[in-house]
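Following: one structure in C-alpha coordinates, then a few remarks.
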Amino acid sequence: MGVLPGSGSTSFTAAESNLVRILKSGSRRRKAPARPRARYSLPGLIDGPSASAPTSERAQDEASPSTLPASPHVSGETPIAVLRHSGSPVHPRDVIRHVSRIEPYAPKRTTSSSRAQHRFLQALDILEASRGRTRKQSQQENLSEDEKKLLNEAARLRTVTRLRAVIWDAYGHEYTPRPFGSTCYGAGNLESDVDVTIIDERRPHGIAPDDTEPLPKIYNVSHLGRQLMKNGYEYVRWIRAAVPIVKFTDPRTGLSCDVNINNRLGLYNTALIGQYCQRVPYLPLFLRIIKAWLKSVDLNNPSPTDPGKPKSFSSYAITLMTIAFLQNAGHAPNLQADTELLEDTYFWDNRFGLHRPVPIRFGRCRDWEPPLHDPPPTFDDWLWHWGHAFEYSVDAISMSDGGFIQRPEVPPQEWGHRSGGHNRDAGVIVVLDPLTSRNCTFAISGEVLERFKQACRDEWLKRRSWSSE
(Lines give C-alpha, C1' and ligand atoms only; values in the text may rest on other atoms or scores of the structure.)
Protein backbone atom coordinates (compact mmCIF):
# COMPACT_ATOMS: atom_id res chain seq x y z
CA MET A 1 0.00 0.00 0.00
CA GLY A 2 1.11 3.56 -0.61
CA VAL A 3 -0.02 7.11 -1.17
CA LEU A 4 -0.69 8.60 -4.61
CA PRO A 5 1.28 11.87 -4.98
CA GLY A 6 -0.94 14.91 -4.58
CA SER A 7 -3.93 12.96 -3.28
CA GLY A 8 -3.47 13.27 0.47
CA SER A 9 -3.52 10.06 2.46
CA THR A 10 -5.55 7.97 0.04
CA SER A 11 -4.22 4.41 -0.06
CA PHE A 12 -3.90 2.50 -3.30
CA THR A 13 -3.25 -0.97 -4.59
CA ALA A 14 -0.29 -2.59 -6.33
CA ALA A 15 -1.89 -1.71 -9.69
CA GLU A 16 -1.94 1.96 -8.77
CA SER A 17 1.63 1.69 -7.49
CA ASN A 18 2.49 0.38 -10.94
CA LEU A 19 0.92 3.51 -12.48
CA VAL A 20 3.09 5.76 -10.32
CA ARG A 21 6.17 3.72 -11.22
CA ILE A 22 5.46 4.14 -14.94
CA LEU A 23 4.88 7.87 -14.65
CA LYS A 24 7.98 8.47 -12.54
CA SER A 25 10.20 6.36 -14.77
CA GLY A 26 10.87 9.30 -17.07
CA SER A 27 12.03 11.67 -14.29
CA ARG A 28 15.39 9.89 -13.74
CA ARG A 29 17.86 9.95 -16.60
CA ARG A 30 19.15 6.40 -16.70
CA LYS A 31 19.71 3.89 -19.43
CA ALA A 32 16.82 1.47 -19.67
CA PRO A 33 17.73 -2.21 -19.79
CA ALA A 34 17.41 -3.86 -23.16
CA ARG A 35 14.18 -5.75 -23.64
CA PRO A 36 12.45 -7.43 -26.57
CA ARG A 37 10.05 -5.15 -28.37
CA ALA A 38 6.60 -6.11 -29.61
CA ARG A 39 4.12 -4.25 -31.73
CA TYR A 40 0.37 -4.33 -31.43
CA SER A 41 -2.44 -4.28 -33.99
CA LEU A 42 -5.98 -2.99 -33.70
CA PRO A 43 -8.04 -3.69 -31.72
CA GLY A 44 -5.33 -5.32 -29.56
CA LEU A 45 -2.92 -2.37 -29.70
CA ILE A 46 -2.74 -2.28 -25.93
CA ASP A 47 -3.85 -5.72 -24.80
CA GLY A 48 -1.38 -8.00 -26.54
CA PRO A 49 1.23 -8.44 -29.29
CA SER A 50 0.30 -9.44 -32.81
CA ALA A 51 3.72 -10.04 -34.33
CA SER A 52 7.38 -9.69 -33.64
CA ALA A 53 9.04 -6.31 -34.00
CA PRO A 54 11.34 -5.35 -36.89
CA THR A 55 14.95 -6.28 -36.35
CA SER A 56 16.68 -3.10 -37.57
CA GLU A 57 17.66 -0.46 -35.02
CA ARG A 58 15.80 2.26 -36.90
CA ALA A 59 12.66 0.16 -37.19
CA GLN A 60 12.80 -0.68 -33.48
CA ASP A 61 12.95 3.02 -32.65
CA GLU A 62 10.00 3.71 -34.91
CA ALA A 63 8.05 0.91 -33.25
CA SER A 64 8.65 1.97 -29.65
CA PRO A 65 5.70 4.41 -29.21
CA SER A 66 3.26 1.60 -30.00
CA THR A 67 4.73 -0.95 -27.56
CA LEU A 68 3.85 -1.62 -23.96
CA PRO A 69 6.17 -3.59 -21.64
CA ALA A 70 4.76 -6.32 -19.45
CA SER A 71 3.89 -5.38 -15.88
CA PRO A 72 6.36 -6.61 -13.25
CA HIS A 73 3.47 -7.21 -10.81
CA VAL A 74 1.29 -9.44 -12.97
CA SER A 75 3.15 -11.77 -15.30
CA GLY A 76 2.01 -11.58 -18.89
CA GLU A 77 -0.32 -8.61 -18.37
CA THR A 78 0.30 -5.01 -19.33
CA PRO A 79 -0.41 -2.14 -16.88
CA ILE A 80 -3.57 -1.30 -18.78
CA ALA A 81 -4.88 -4.85 -18.26
CA VAL A 82 -4.06 -4.68 -14.55
CA LEU A 83 -6.15 -1.57 -14.05
CA ARG A 84 -8.95 -2.93 -16.16
CA HIS A 85 -9.21 -5.81 -13.70
CA SER A 86 -8.80 -3.69 -10.56
CA GLY A 87 -11.03 -0.77 -11.62
CA SER A 88 -9.03 1.64 -9.43
CA PRO A 89 -9.91 5.32 -10.03
CA VAL A 90 -7.21 7.75 -11.16
CA HIS A 91 -7.85 11.46 -11.69
CA PRO A 92 -6.48 13.17 -14.84
CA ARG A 93 -4.54 15.71 -12.78
CA ASP A 94 -2.54 12.92 -11.14
CA VAL A 95 -1.47 11.74 -14.59
CA ILE A 96 -0.87 15.23 -15.97
CA ARG A 97 1.29 16.17 -12.98
CA HIS A 98 3.88 13.60 -14.08
CA VAL A 99 3.71 13.86 -17.88
CA SER A 100 3.27 17.62 -18.37
CA ARG A 101 6.99 18.02 -19.09
CA ILE A 102 6.94 15.43 -21.86
CA GLU A 103 6.72 16.85 -25.38
CA PRO A 104 4.27 14.56 -27.25
CA TYR A 105 5.41 15.60 -30.76
CA ALA A 106 8.95 15.66 -32.12
CA PRO A 107 9.51 16.37 -35.85
CA LYS A 108 12.72 14.31 -35.87
CA ARG A 109 12.27 11.27 -33.68
CA THR A 110 15.10 10.13 -31.47
CA THR A 111 15.33 7.23 -29.08
CA SER A 112 14.66 9.50 -26.09
CA SER A 113 11.63 11.17 -27.70
CA SER A 114 10.19 7.77 -28.61
CA ARG A 115 10.54 6.63 -25.00
CA ALA A 116 8.83 9.84 -23.90
CA GLN A 117 5.96 9.17 -26.32
CA HIS A 118 5.82 5.60 -25.03
CA ARG A 119 5.46 6.72 -21.39
CA PHE A 120 2.95 9.37 -22.39
CA LEU A 121 0.72 6.82 -24.14
CA GLN A 122 0.97 4.39 -21.24
CA ALA A 123 -0.16 7.03 -18.76
CA LEU A 124 -3.13 8.13 -20.83
CA ASP A 125 -4.17 4.55 -21.61
CA ILE A 126 -4.19 3.76 -17.91
CA LEU A 127 -6.16 6.93 -17.23
CA GLU A 128 -8.86 6.02 -19.75
CA ALA A 129 -9.25 2.43 -18.61
CA SER A 130 -9.31 3.25 -14.90
CA ARG A 131 -12.04 5.84 -15.38
CA GLY A 132 -13.98 3.78 -17.92
CA ARG A 133 -14.51 6.84 -20.11
CA THR A 134 -13.77 7.84 -23.68
CA ARG A 135 -11.45 10.66 -24.63
CA LYS A 136 -14.39 12.88 -25.62
CA GLN A 137 -16.08 12.30 -22.26
CA SER A 138 -12.84 13.06 -20.43
CA GLN A 139 -12.57 16.44 -22.17
CA GLN A 140 -16.02 17.42 -20.93
CA GLU A 141 -14.98 17.14 -17.30
CA ASN A 142 -14.07 20.13 -15.18
CA LEU A 143 -10.48 20.43 -16.42
CA SER A 144 -8.37 23.48 -17.14
CA GLU A 145 -7.58 24.47 -20.73
CA ASP A 146 -4.00 23.23 -20.35
CA GLU A 147 -5.26 19.85 -19.15
CA LYS A 148 -7.74 19.59 -22.03
CA LYS A 149 -4.97 20.50 -24.46
CA LEU A 150 -2.69 17.83 -23.02
CA LEU A 151 -5.39 15.17 -23.29
CA ASN A 152 -6.11 16.28 -26.86
CA GLU A 153 -2.44 16.02 -27.80
CA ALA A 154 -2.35 12.56 -26.29
CA ALA A 155 -5.42 11.55 -28.31
CA ARG A 156 -3.73 12.75 -31.52
CA LEU A 157 -0.59 10.83 -30.71
CA ARG A 158 -2.60 7.68 -29.99
CA THR A 159 -4.55 8.09 -33.25
CA VAL A 160 -1.34 8.25 -35.31
CA THR A 161 0.20 5.36 -33.34
CA ARG A 162 -2.80 3.10 -33.97
CA LEU A 163 -2.82 4.05 -37.64
CA ARG A 164 0.86 3.12 -37.85
CA ALA A 165 0.08 -0.34 -36.46
CA VAL A 166 -2.61 -0.85 -39.11
CA ILE A 167 -0.34 0.34 -41.94
CA TRP A 168 2.56 -1.83 -40.83
CA ASP A 169 0.37 -4.92 -40.54
CA ALA A 170 -1.27 -4.39 -43.94
CA TYR A 171 1.55 -2.97 -46.08
CA GLY A 172 4.89 -3.35 -44.32
CA HIS A 173 7.32 -1.28 -42.28
CA GLU A 174 8.54 0.87 -45.20
CA TYR A 175 5.37 2.96 -44.83
CA THR A 176 5.17 5.25 -41.80
CA PRO A 177 2.37 7.74 -40.98
CA ARG A 178 3.64 11.21 -40.02
CA PRO A 179 1.39 14.05 -38.77
CA PHE A 180 1.59 17.52 -40.24
CA GLY A 181 -0.37 20.77 -40.08
CA SER A 182 -1.09 23.50 -37.57
CA THR A 183 -1.29 21.19 -34.54
CA CYS A 184 2.40 20.34 -35.01
CA TYR A 185 3.56 23.95 -34.54
CA GLY A 186 1.06 25.03 -31.90
CA ALA A 187 -1.51 26.92 -33.99
CA GLY A 188 -4.25 24.27 -33.97
CA ASN A 189 -7.25 23.90 -31.71
CA LEU A 190 -9.06 21.03 -30.03
CA GLU A 191 -11.42 20.60 -33.00
CA SER A 192 -8.68 20.44 -35.67
CA ASP A 193 -8.51 17.32 -37.82
CA VAL A 194 -5.45 15.08 -37.77
CA ASP A 195 -3.57 15.48 -41.07
CA VAL A 196 -1.28 12.56 -41.85
CA THR A 197 1.15 11.69 -44.65
CA ILE A 198 2.09 8.04 -45.09
CA ILE A 199 5.79 8.12 -45.91
CA ASP A 200 7.08 5.77 -48.61
CA GLU A 201 10.75 5.22 -47.80
CA ARG A 202 11.42 3.90 -51.31
CA ARG A 203 10.32 7.19 -52.92
CA PRO A 204 11.83 10.04 -50.83
CA HIS A 205 11.34 12.53 -53.68
CA GLY A 206 7.92 11.38 -54.83
CA ILE A 207 7.10 9.77 -58.17
CA ALA A 208 9.76 10.76 -60.69
CA PRO A 209 9.05 10.86 -64.46
CA ASP A 210 11.33 7.87 -65.04
CA ASP A 211 9.67 5.81 -62.29
CA THR A 212 7.98 3.10 -64.34
CA GLU A 213 7.47 0.57 -61.55
CA PRO A 214 3.84 -0.25 -60.68
CA LEU A 215 2.76 1.64 -57.59
CA PRO A 216 2.15 -0.45 -54.45
CA LYS A 217 -1.39 -1.12 -53.31
CA ILE A 218 -1.17 1.51 -50.59
CA TYR A 219 -1.26 4.22 -53.27
CA ASN A 220 -4.76 3.02 -54.17
CA VAL A 221 -6.94 5.08 -51.80
CA SER A 222 -9.87 2.68 -52.17
CA HIS A 223 -7.67 -0.24 -51.09
CA LEU A 224 -6.36 1.78 -48.13
CA GLY A 225 -9.88 2.83 -47.22
CA ARG A 226 -11.10 -0.76 -47.14
CA GLN A 227 -8.19 -1.75 -44.90
CA LEU A 228 -9.17 0.98 -42.46
CA MET A 229 -12.78 -0.18 -42.48
CA LYS A 230 -11.65 -3.74 -41.68
CA ASN A 231 -9.83 -2.39 -38.62
CA GLY A 232 -12.87 -0.67 -37.19
CA TYR A 233 -12.43 2.92 -38.36
CA GLU A 234 -15.66 4.82 -38.94
CA TYR A 235 -17.01 7.15 -41.65
CA VAL A 236 -14.31 6.04 -44.10
CA ARG A 237 -14.40 7.60 -47.54
CA TRP A 238 -11.78 8.26 -50.18
CA ILE A 239 -11.45 11.19 -52.55
CA ARG A 240 -9.62 10.92 -55.87
CA ALA A 241 -8.24 14.40 -56.48
CA ALA A 242 -4.94 16.05 -57.43
CA VAL A 243 -3.74 14.72 -54.07
CA PRO A 244 -5.87 11.61 -53.29
CA ILE A 245 -6.85 11.35 -49.63
CA VAL A 246 -8.72 9.01 -47.30
CA LYS A 247 -10.96 10.57 -44.65
CA PHE A 248 -12.03 8.64 -41.56
CA THR A 249 -12.76 8.88 -37.84
CA ASP A 250 -10.88 7.05 -35.10
CA PRO A 251 -13.64 5.52 -32.93
CA ARG A 252 -11.41 5.38 -29.84
CA THR A 253 -10.51 9.08 -29.78
CA GLY A 254 -13.33 10.55 -31.90
CA LEU A 255 -10.80 12.47 -34.01
CA SER A 256 -11.30 12.97 -37.75
CA CYS A 257 -8.30 12.23 -39.97
CA ASP A 258 -7.21 13.08 -43.50
CA VAL A 259 -4.52 10.77 -44.89
CA ASN A 260 -2.52 11.08 -48.11
CA ILE A 261 0.18 8.79 -49.46
CA ASN A 262 3.72 10.15 -49.64
CA ASN A 263 2.84 13.74 -50.51
CA ARG A 264 5.67 15.18 -48.41
CA LEU A 265 5.04 18.79 -49.37
CA GLY A 266 2.73 19.12 -46.37
CA LEU A 267 5.49 17.89 -44.08
CA TYR A 268 7.99 20.36 -45.56
CA ASN A 269 5.48 23.22 -45.26
CA THR A 270 4.89 22.28 -41.62
CA ALA A 271 8.64 22.28 -40.95
CA LEU A 272 8.99 25.68 -42.64
CA ILE A 273 6.15 27.29 -40.68
CA GLY A 274 7.45 25.64 -37.52
CA GLN A 275 10.74 27.47 -38.04
CA TYR A 276 8.85 30.76 -38.39
CA CYS A 277 7.12 30.01 -35.09
CA GLN A 278 10.53 29.58 -33.47
CA ARG A 279 11.81 32.88 -34.84
CA VAL A 280 8.54 34.72 -34.03
CA PRO A 281 7.44 33.20 -30.69
CA TYR A 282 4.04 34.92 -30.55
CA LEU A 283 3.06 33.65 -34.03
CA PRO A 284 1.16 30.47 -32.89
CA LEU A 285 -1.04 32.49 -30.50
CA PHE A 286 -1.53 35.19 -33.13
CA LEU A 287 -2.70 32.55 -35.61
CA ARG A 288 -5.09 30.95 -33.12
CA ILE A 289 -6.71 34.34 -32.43
CA ILE A 290 -7.12 35.10 -36.12
CA LYS A 291 -8.53 31.66 -36.99
CA ALA A 292 -10.96 31.76 -34.06
CA TRP A 293 -12.28 35.13 -35.27
CA LEU A 294 -12.56 33.95 -38.89
CA LYS A 295 -14.52 30.91 -37.77
CA SER A 296 -16.87 33.16 -35.77
CA VAL A 297 -17.72 35.13 -38.94
CA ASP A 298 -18.01 31.94 -41.05
CA LEU A 299 -14.99 32.67 -43.26
CA ASN A 300 -12.82 29.66 -42.35
CA ASN A 301 -14.47 26.91 -44.38
CA PRO A 302 -12.61 25.85 -47.56
CA SER A 303 -14.71 22.67 -47.98
CA PRO A 304 -18.35 23.40 -47.08
CA THR A 305 -20.65 20.42 -46.78
CA ASP A 306 -23.57 22.44 -48.14
CA PRO A 307 -23.19 22.47 -51.95
CA GLY A 308 -24.82 25.87 -52.18
CA LYS A 309 -22.37 27.49 -49.77
CA PRO A 310 -19.29 29.20 -51.29
CA LYS A 311 -15.78 28.21 -50.31
CA SER A 312 -13.89 30.53 -47.97
CA PHE A 313 -10.38 30.73 -46.52
CA SER A 314 -8.43 27.69 -45.36
CA SER A 315 -6.40 27.86 -42.17
CA TYR A 316 -3.28 27.28 -44.26
CA ALA A 317 -4.01 30.30 -46.49
CA ILE A 318 -4.61 32.48 -43.42
CA THR A 319 -1.27 31.31 -41.99
CA LEU A 320 0.56 32.29 -45.18
CA MET A 321 -1.20 35.68 -45.25
CA THR A 322 -0.26 36.35 -41.63
CA ILE A 323 3.43 35.46 -42.05
CA ALA A 324 3.62 37.62 -45.21
CA PHE A 325 1.95 40.47 -43.28
CA LEU A 326 4.60 40.19 -40.53
CA GLN A 327 7.39 40.02 -43.13
CA ASN A 328 6.10 43.17 -44.82
CA ALA A 329 6.11 44.92 -41.42
CA GLY A 330 9.70 43.80 -40.71
CA HIS A 331 8.71 41.45 -37.87
CA ALA A 332 9.46 38.13 -39.58
CA PRO A 333 12.43 37.05 -41.69
CA ASN A 334 12.42 35.35 -45.09
CA LEU A 335 13.70 31.90 -44.20
CA GLN A 336 13.81 30.86 -47.87
CA ALA A 337 16.36 33.61 -48.58
CA ASP A 338 18.77 32.32 -45.93
CA THR A 339 22.08 31.01 -47.25
CA GLU A 340 22.67 28.64 -44.30
CA LEU A 341 20.18 25.98 -45.33
CA LEU A 342 18.41 23.81 -42.81
CA GLU A 343 16.63 21.84 -45.58
CA ASP A 344 17.89 21.40 -49.14
CA THR A 345 16.06 18.82 -51.24
CA TYR A 346 13.29 18.54 -53.83
CA PHE A 347 9.99 16.77 -54.39
CA TRP A 348 8.14 15.96 -57.60
CA ASP A 349 4.82 17.80 -58.01
CA ASN A 350 2.28 16.33 -60.45
CA ARG A 351 -0.62 18.73 -60.02
CA PHE A 352 -2.25 20.96 -62.66
CA GLY A 353 -0.72 19.04 -65.57
CA LEU A 354 2.83 19.89 -64.49
CA HIS A 355 5.49 17.34 -63.61
CA ARG A 356 8.26 19.38 -62.05
CA PRO A 357 10.68 19.08 -59.15
CA VAL A 358 9.79 21.53 -56.39
CA PRO A 359 12.90 22.84 -54.62
CA ILE A 360 12.75 22.67 -50.81
CA ARG A 361 15.25 25.17 -49.41
CA PHE A 362 15.06 27.18 -46.22
CA GLY A 363 17.16 28.04 -43.20
CA ARG A 364 16.77 29.45 -39.69
CA CYS A 365 17.99 33.05 -40.21
CA ARG A 366 19.98 32.85 -36.98
CA ASP A 367 21.23 36.45 -37.28
CA TRP A 368 17.79 37.98 -37.82
CA GLU A 369 16.44 40.16 -35.01
CA PRO A 370 13.07 41.97 -34.81
CA PRO A 371 13.07 45.79 -34.71
CA LEU A 372 14.01 46.93 -31.21
CA HIS A 373 11.95 50.13 -31.08
CA ASP A 374 9.02 49.00 -33.22
CA PRO A 375 6.36 46.99 -31.34
CA PRO A 376 5.02 43.91 -33.15
CA PRO A 377 1.79 44.29 -35.13
CA THR A 378 -1.45 43.62 -33.29
CA PHE A 379 -4.71 41.97 -34.34
CA ASP A 380 -6.09 45.48 -34.95
CA ASP A 381 -3.22 46.14 -37.36
CA TRP A 382 -3.97 42.86 -39.11
CA LEU A 383 -7.64 43.80 -39.52
CA TRP A 384 -6.79 47.27 -40.83
CA HIS A 385 -4.33 45.93 -43.37
CA TRP A 386 -6.64 43.35 -44.96
CA GLY A 387 -9.75 45.52 -44.65
CA HIS A 388 -8.36 48.84 -45.87
CA ALA A 389 -4.73 48.89 -47.00
CA PHE A 390 -4.02 45.85 -49.16
CA GLU A 391 -4.73 46.15 -52.91
CA TYR A 392 -5.92 42.71 -53.94
CA SER A 393 -6.07 43.43 -57.66
CA VAL A 394 -2.52 44.79 -57.76
CA ASP A 395 -0.46 42.67 -55.34
CA ALA A 396 0.01 38.98 -54.62
CA ILE A 397 0.85 37.51 -51.22
CA SER A 398 4.12 35.58 -51.41
CA MET A 399 5.87 34.44 -48.25
CA SER A 400 8.82 33.08 -50.25
CA ASP A 401 9.44 36.58 -51.64
CA GLY A 402 9.36 38.21 -48.23
CA GLY A 403 5.79 39.56 -48.15
CA PHE A 404 4.02 40.99 -51.19
CA ILE A 405 4.83 41.13 -54.91
CA GLN A 406 3.15 42.81 -57.86
CA ARG A 407 0.78 40.60 -59.81
CA PRO A 408 2.01 39.97 -63.38
CA GLU A 409 -0.19 40.65 -66.37
CA VAL A 410 -0.04 36.96 -67.34
CA PRO A 411 0.07 34.71 -64.27
CA PRO A 412 2.61 31.86 -64.41
CA GLN A 413 1.27 28.40 -65.10
CA GLU A 414 2.54 27.05 -61.76
CA TRP A 415 0.01 29.27 -60.01
CA GLY A 416 -2.44 26.54 -60.96
CA HIS A 417 -4.72 28.15 -63.54
CA ARG A 418 -5.49 26.03 -66.55
CA SER A 419 -6.68 28.77 -68.91
CA GLY A 420 -3.92 30.00 -71.21
CA GLY A 421 -2.79 33.23 -72.83
CA HIS A 422 -3.77 36.70 -71.61
CA ASN A 423 -7.17 35.38 -70.51
CA ARG A 424 -5.61 33.26 -67.76
CA ASP A 425 -7.59 33.96 -64.61
CA ALA A 426 -5.41 34.70 -61.55
CA GLY A 427 -8.33 34.81 -59.09
CA VAL A 428 -9.61 37.71 -57.01
CA ILE A 429 -6.93 37.06 -54.37
CA VAL A 430 -3.54 35.41 -54.82
CA VAL A 431 -1.87 33.68 -51.87
CA LEU A 432 1.11 31.71 -53.15
CA ASP A 433 2.30 28.49 -51.56
CA PRO A 434 5.92 29.10 -50.43
CA LEU A 435 7.14 25.84 -51.99
CA THR A 436 4.99 25.07 -55.04
CA SER A 437 3.98 28.69 -55.88
CA ARG A 438 0.38 27.59 -56.49
CA ASN A 439 -2.44 29.94 -55.55
CA CYS A 440 -4.03 28.59 -52.36
CA THR A 441 -7.07 30.89 -52.68
CA PHE A 442 -8.05 30.48 -56.32
CA ALA A 443 -11.44 28.98 -55.35
CA ILE A 444 -12.45 32.08 -53.38
CA SER A 445 -15.06 34.17 -55.19
CA GLY A 446 -15.31 37.93 -55.35
CA GLU A 447 -18.34 37.81 -53.08
CA VAL A 448 -16.43 35.95 -50.36
CA LEU A 449 -13.49 38.35 -50.67
CA GLU A 450 -15.79 41.35 -50.20
CA ARG A 451 -17.33 39.66 -47.15
CA PHE A 452 -13.84 39.15 -45.74
CA LYS A 453 -12.83 42.78 -46.30
CA GLN A 454 -16.07 44.06 -44.78
CA ALA A 455 -15.73 41.73 -41.79
CA CYS A 456 -12.21 43.07 -41.17
CA ARG A 457 -13.47 46.65 -41.32
CA ASP A 458 -16.42 45.99 -39.01
CA GLU A 459 -14.28 44.18 -36.44
CA TRP A 460 -11.65 46.92 -36.55
CA LEU A 461 -14.30 49.61 -35.90
CA LYS A 462 -15.81 47.55 -33.10
CA ARG A 463 -12.47 47.09 -31.37
CA ARG A 464 -11.63 50.77 -31.83
CA SER A 465 -14.89 51.80 -30.17
CA TRP A 466 -14.11 49.48 -27.25
CA SER A 467 -10.66 51.01 -26.77
CA SER A 468 -12.10 54.56 -26.75
CA GLU A 469 -14.58 53.79 -23.99
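Computed quantities for the displayed model
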{"item": "Some residue of the range 442-453 being at pLDDT below 90 and out of contact with any Lys or Arg (no Cβ under 7 Å at 6 or more places or on another chain)", "result": "yes"}
{"item": "Pairs with Cβ under 8 Å, 6+ apart, first in the range 397-410 and under 14 Å from Phe325 (Cβ atoms) and in a loop (DSSP other than H, G, I, E, B), second of a type in the set (S, T, N, Q) and open to solvent by 60 Å² or more (accessible area, probe 1.4 Å)", "result": "Gly402/Asn328"}
{"item": "Among residues of the range 292-308, those that are surrounded by fewer than 17 Cβ atoms within 10 Å (Cβ to Cβ), of a type outside the set (Lys, Arg) and not in a loop (DSSP other than H, G, I, E, B), counted", "result": "2"}
{"item": "Residue in the range 255-272 that is open to solvent by 60 Å² or more (accessible area, probe 1.4 Å) and either aliphatic (A, V, I, L, M) or assigned to a loop (DSSP other than H, G, I, E, B) (or both) present", "result": "no"}
{"item": "Count of residues meeting criterion [buried (at least 19 other Cβ atoms within 10 Å of the Cβ), modelled with pLDDT under 75 and not hydrophobic (A, V, I, L, M, F, W, C)] in the range 120-170", "result": "6"}
{"item": "Cβ pairs under 8 Å, 6+ apart, first in the range 197-210 and without any contact (Cβ under 8 Å) to a residue 60 or more places away in the chain, second open to solvent by less than 20 Å² (accessible area, probe 1.4 Å)", "result": "Glu201/Tyr175; Glu201/Thr176; Arg203/Asn262"}
{"item": "Any chance Thr197 is closer than 20 Å to Tyr268 by Cβ and outside any strand (DSSP E or B)", "result": "no"}
{"item": "So Trp466, is it at pLDDT 95 or above and open to solvent by 30 Å² or more (accessible area, probe 1.4 Å)", "result": "no"}
{"item": "Hits in the range 188-221 - residues which are among the acidic types (Asp, Glu) and open to solvent by 50 Å² or more (accessible area, probe 1.4 Å)", "result": "Glu191, Asp193, Glu201, Asp210, Glu213"}
{"item": "Every residue from the range 239-267 that is at pLDDT below 95 and out of contact with any Phe, Trp or Tyr (no Cβ under 9 Å at 6 or more places or on another chain)", "result": "Ile239, Arg240, Ala241, Val243, Arg252, Thr253, Gly254, Leu255"}
{"item": "Candidate set from the range 343-366 (those that are among the acidic types (Asp, Glu) and touching a residue at least 40 places away in the same chain (Cβ under 8 Å)); member that is surrounded by the fewest Cβ atoms within 10 Å (Cβ to Cβ)", "result": "Glu343"}
{"item": "Subset of the range 340-395 [on the phi > 0 side of the Ramachandran plot and not in a loop (DSSP other than H, G, I, E, B)]", "result": "Phe352, Gly353"}
{"item": "Residues located in the range 277-291, provided they are open to solvent by 60 Å² or more (accessible area, probe 1.4 Å), among the hydrophobic types (A, V, I, L, M, F, W, C) and over 20 Å from Gln454 (Cβ atoms)", "result": "Leu285"}
{"item": "Pairs, first farther than 24 Å from Asn350 by Cβ and touching a residue at least 60 places away in the same chain (Cβ under 8 Å) in the range 242-253, second open to solvent by less than 40 Å² (accessible area, probe 1.4 Å) and small (Gly, Ala, Ser), C-beta under 7 Å, six or more apart", "result": "Thr253/Ala155"}
{"item": "The range 372-388, subset under 21 Å from Cys277 (Cβ atoms) and among the charged types (D, E, K, R), residue surrounded by the most Cβ atoms within 10 Å (Cβ to Cβ)", "result": "Asp381"}
{"item": "Residue satisfying condition, being closer than 22 Å to Leu283 by Cα, open to solvent by 70 Å² or more (accessible area, probe 1.4 Å) and more than 23 Å from the chain's Cα centre (by Cα), within set Glu369, Glu340", "result": "Glu369"}
{"item": "Any pair with Cβ under 7 angstrom, 6 or more apart, that starts in the range 445-469 at a residue that is closer than 15 Å to Ala389 by Cβ and ends at one that is exposed (fewer than 15 other Cβ atoms within 10 Å of the Cβ)", "result": "Arg457/His388; Trp460/Asp380"}
{"item": "Unique residue being of a type in the set (Gly, Ala, Ser), closer than 24 Å to Lys309 by Cβ and either at pLDDT 90 or above or surrounded by 14 or more Cβ atoms within 10 Å (Cβ to Cβ) (or both) when the list is Gly403, Gly416", "result": "Gly416"}
{"item": "Selection within the range 154-191 - polar (S, T, N, Q), closer than 19 Å to Pro281 by Cα and in a helix (DSSP H, G or I)", "result": "Ser182, Thr183"}
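The values are calculated or read from the model by the stated rules, or taken from the named source; none is laboratory data. What you see is a predicted model, and the numbers here were worked out from it, not measured in a lab. Using ideal geometry, Cβ is built from the backbone for each residue, glycine included, and neighbour counts are taken over all protein chains shown. With ligands, DNA and RNA removed, areas are computed over all heavy atoms of the protein, side chains included. Shrake-Rupley method; radii C 1.70, N 1.55, O 1.52, S 1.80 Å.
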